[in-house]
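**Student:** Take this structure, written in structure tokens, and hold onto it; I'll ask about it next.
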Amino acid sequence: MWIIFALFSALCLGFYDIMKKLSVRDNNVLLVLMLNTVFGTMLMLPVIISGVAEGNYGLGNTVYGHILILAKAFIVLGSWLLGYFAIKHLPLTIQGPVNASRPVMVLTGAVIIFGERLNALQWAGIVLGFASLYLISRLGAGEGFSVKRSRWLWMAIGAAVLGAASALYDKYLLRFYQPLEVQAWYSMYQCMIMTAAILVLRHVAADKAGVATRFRWRWSIPMISVFLTVADLAYFHSLSVDGSMISVVSMIRRGSVIVPFLYGVLVLHERNVKAKAIDLGILLLSLGLLVAGSAI
């Protein structure tokens with residue numbers, strides 16, 4: 001059952017990336033991100049309100065619990081900030097596969113921290129995942145987005161690293177707290193942090209931070225939060241199921257790259273379609289092996 005929720009989460013994440021691309025194109029990235037945190041908080045606010053009405057102030061009614069969630073909010077917000085700038089400037093057919101490198105990082109942490117073990121099919125999937133990342137790095141260099149020259153590519157890599165750290169942290173948090181509670185409170189803390197950051201940047205370094213860039217409202221902006229919230233709900237539920245493996249769930253979620261990849265090819269007409277299609281095929285096979293291995 002946890003596999004089904006992980007796959008559904010991946011589908012929603014794919015549309016989430018498309019909404020981000022549509023929202024940040026020629027737009028103010030920081031304000032789009034702030035609105036995303038606001039809408040996300042609004043969607044989850046009923047969870048907090050209902051708890052407070054019953055005398056439950058969340059996360060075990062302890063300061064320690066809220067500190068743990070505040071730490072997650074900073075990690076996720078850092079990943080989002082880097083990822084939003086990366087998706088604005090990189091082709092979807094490059095940014096998506098870079099983001100798909102998260103499971104490789106998560107796998108290392110899951111084996112070391114949680115003692116997870118993978119079977120032969122799952123390891124074969126991981127190996128193919130490495131091959132896919134190698135191919136996309138070659139293609140990216142050919143389009144002018146090499147590791148040596150592109151700060152946007154480094155931002156995409158940084159977003160992936162922080163995203164992997166957040167995934168590992170989730171597995172720890174869900175040992176003590178309910179998924180909805182975690183999502184609701186970290187969404188609220190993200191909103192508070194981002195709003196404070198925008199206010200500070202407007203007074204301190206507006207031009208350098210890009211805050212002064214003209215903001216354009218688009219209906220894709222609230223849809224970012226809708227798709228992300230649904231994706232996270234499915235994701236947290238998947239991790240909360242007994243026997244779920246963070247390394248496998250994370251890899252399946254990276255299958256979300258398929259949706260924006262197709263959008264980049266069919267709608268945005270991005271370059272090197274044939275070569276990228278081969279890379280996508282390798283990634284699909286990798287995910288298939290992981291899913292098959294989890295059923296053993």
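The values are calculated or read from the model by the stated rules, or taken from the named source; none is laboratory data. None of the values given here were measured: they were computed from a predicted structure. No Cβ is skipped: glycine too gets one built from the backbone with ideal geometry, and neighbour counts run over all protein chains shown. Note: areas computed on protein heavy atoms with side chains; ligands, DNA, RNA excluded. Shrake-Rupley method; radii C 1.70, N 1.55, O 1.52, S 1.80 Å.
**Student:** If you build a Gaussian network model of the chain, linking Cα atoms that sit under 10 Å apart, which residue out of Gln95, Gln190, Gln122 swings the most?
**Tutor:** Comparing Gln95, Gln190, Gln122 in the GNM, the peak value goes to Gln122.
**Student:** For the chain, just say rounded, prolate or oblate: build the C-alpha gyration tensor, square-root its eigenvalues into a ≥ b ≥ c, call rounded for a/c under 1.5, and beyond that prolate if a/b exceeds b/c, oblate if not.
**Tutor:** oblate
**Student:** Now for a separate question. At a 1.4 Å probe, what is the % contribution of carbon and sulfur to the accessible area of the stretch 16-137?
**Tutor:** 73
**Student:** Using every pair of alpha-carbon atoms in the stretch 146-201, split the distances into 5 Å bins beginning at 0 and state the percent of pairs per bin, rounded to integers.
**Tutor:** 4, 15, 14, 17, 21, 14, 10, 4, 1
**Student:** Which links in Lys171/Lys274; Lys88/Lys274; Lys72/Lys274 stretch past 32 Å when you go from one Cα to the other?
**Tutor:** Lys171/Lys274; Lys72/Lys274
**Student:** Evaluate the distance, in nm, between pseudo-label points positioned 7 Å from the Cα of Arg218 and of Val52 along their respective Cα→Cβ axes.
**Tutor:** For the pair Arg218/Val52, the computed spacing is 3.4 nm.
**Student:** Would you please classify the overall shape of the stretch 70-131 from the alpha carbon gyration tensor, given that a ≥ b ≥ c denote the square roots of the eigenvalues, rounded means a/c under 1.5, and beyond that prolate means a/b larger than b/c while oblate covers the rest?
**Tutor:** oblate
**Student:** Starting from the amide H of Leu118, placed 1.01 Å from N in the peptide plane, find each other amide H under 5 Å away whose residue is 5 or more places distant or on another chain.
**Tutor:** none
**Student:** For the chain, what does -39500 (n - 2.57) per DSSP helix run (n ≥ 4), summed and divided by total residues, give at 222 nm, in deg cm²/dmol to the nearest 500?
**Tutor:** Calculated mean residue ellipticity at 222 nm is -26000 deg cm²/dmol.
**Student:** Enter the accessible area per residue of the stretch 239-296 (Å², integer; probe 1.4 Å; all protein chains in place).
**Tutor:** Per-residue value: 43 Å².
**Student:** Now, a different point. Quick check on the stretch 1-55: take the gyration tensor over C-alpha atoms, sort the square-rooted eigenvalues as a ≥ b ≥ c, and tell me if it's rounded (a/c under 1.5), prolate or oblate.
**Tutor:** Because a/c hits 1.5 or more and a/b fails to exceed b/c, the stretch 1-55 counts as oblate.
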